[in-house]
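The numbers here are math on the coordinates, done by the rules we state, and not lab data. None of these values were measured; they are calculated from a predicted model. Quick reminder, even Gly has a Cβ in these numbers, built from the backbone with ideal geometry, and neighbours come from all protein chains shown.
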Amino acid sequence: MKAVAVFPARRELQLIEHQEPGIQSPTQIKMRVLDVGVCGTDREITSFQYGTPPEGSDYLIIGHESLSQVIECGEKVTRAKPGDLVVLTVRRPCPHDSCIACRSGRQDYCYTGDFTERGIKQRHGYMTEFVVEEESYANVVPRELREVAVLVEPLTIAEKSLEQLRTVEQRLPWDGQGHRNAVVLGAGPVGLLGAMALRIAGFDVTVYSRSSKQEEKDDIVAAIGGQYIAAETHSIDEMANAVGAIDLVYEAIGASSVAFEVIKHLGPNGVFIFTGVPGRKAPIEVDTDYIMRDVVLNNQVILGSVNAPPHGFQQAIRDLGTFMQKWPAAVHSLITARFPIDQATKPLEPGAGGIKNVIAVSA
Ligand code: BGC
Ligand code: ZN
């Protein structure tokens, strides 16, 4: 079968032939891959900054944002049947008895760092024609989400963040939060999906971003009842003045200089959530005394969040359904283009435009 793989030692990205997998245990399912989303992590991997092949392999099949259709089930499978649409989780547990996170099914909080991730770390990914996986890692998706369900995985980043936010907010010992102001940094798929999740969670949302597609982003954010502020025309100070006290910042740009500037504008009891993974660049100057003082004097929380558990995927599937009822055109417009697998390297090239590019492996 066809697959898209990186060869880190040779610094090559290629369409390869790979052995088609088969079911190995009664709790596994076999799927035909339909759609695979391309994200910043894939661009890091295909520029050889990140990503590790499985042991004994000189290549890694990429792709971790997927939608597939079940074609075969082991005899003990109960949660999926042939024909079902499913989205697979990404991370698999580390092997250590001492890791209470992985032993509790919460490898998204793995302590040892020896977890694996499909399409990213020591496990082949989904940018291929067929995959086999344990049913416990598969999440069934309603058929009406067929065209957009490839957005489930990037939405899980917001779901896990929001779950942690709710835990943090329990420190405030009163009921109800009234109106809350959220600022989303970045208007890529993670930022825009995060903005949608924050809207349905009751936040007033401002998206602050630099983007070549200002008008398009502005339209999407307006459609969901948020406000878009362009970084090209508004400084961070101006943005912060327009928003007022910021209760939550959801960072989805991966540019640390902007993020640390915005921390200075976080309001009382505010929470700042980092989701981006910046590449290593030259050190920058940050006013650390100012930030530390403010974080303490305002009871602020700075939180990092990565990966998501199965219930985060299930929440994302429910929320994506809600987004589609409220804002179908805005959700559809997040998917910019679909490419056949033979052209999978195109959206991975540096400077490839668009919001979410998708490899349509089969129809
Ligand atoms: C994926 C996560 C993964 C992270 C770090 C992200 O792009 O969405 O599932 O844990 O990269 O590898
Ligand atoms: Zn991703």
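Some observations on this one:
- Footprinting exposure proxy ranking of I302, I359, I335, fewest other C-beta atoms within 10 angstrom first, gives I302, I335, I359.
- Sites T288 and F7, calculated FRET efficiency, Cβ-Cβ separation with R0 51 Å, nearest 0.05: 0.80
- Karplus 3J(HN,Hα) series, Hz, for region 276-290 with 6.51 cos²θ - 1.76 cosθ + 1.60 (x for Gly, Pro): x, 10, x, x, 6, 10, 5, x, 10, 8, 10, 7, 5, 4, 4
- Most fluctuating residue given options V301, V331, V183, as computed from a GNM of the chain linking Cα atoms under 10 Å: V301
- Against the empirical 2.2 N^0.38 Å (N residues), region 23-104 has a Cα radius of gyration ratio of 1.32.
- Helix-only [θ]222 nm of the chain, DSSP H runs n ≥ 4, -39500 (n - 2.57) each, per residue, nearest 500: -8000 deg cm²/dmol
- Built amide H within the under 5 Å cut-off of Q227, gap 5+: V205, T206, V207
- Rounded to whole numbers, the Karplus 3J(HN,Hα) couplings from phi for region 201-211 are 7, x, 7, 7, 10, 10, 9, 10, 7, 9, 7 Hz, using 6.51 cos²θ - 1.76 cosθ + 1.60 with θ = phi - 60°, and x at Gly and Pro.
- Normalised contact order of region 1-111, rounded percent, pairs of Cα under 8 Å and 6 or more residues apart: 23
- When the pairs K76/K160; K213/K356; K30/K76 are compared against a 19 Å limit on Cα-Cα distance, K76/K160 fall above it.
- Per-residue HN-Hα couplings for region 58-63 [Karplus 6.51, -1.76, 1.60; θ = phi - 60°; Hz; x = Gly/Pro]: 8, 9, 10, 6, 8, x
- Centre-to-centre separation between the Cα atoms of region 269-290 and those of region 106-151: 29 Å.
- Taking a ≥ b ≥ c as the square roots of the eigenvalues of the Cα gyration tensor, region 261-314 is classed as oblate, since a/c reaches at least 1.5 and a/b does not exceed b/c.
- Between Q343 and E163, the FRET efficiency estimated from the beta carbon spacing at R0 = 45 angstrom works out to 0.75.
- Contour excess over end-to-end distance, with Cα ends at R106 and S25 and 0.36 nm allotted per residue: 26.9 nm
- Spin-label pair N241-A201: with each label point 7 Å from Cα along the Cα-Cβ axis, the two points sit 3.0 nm from one another.
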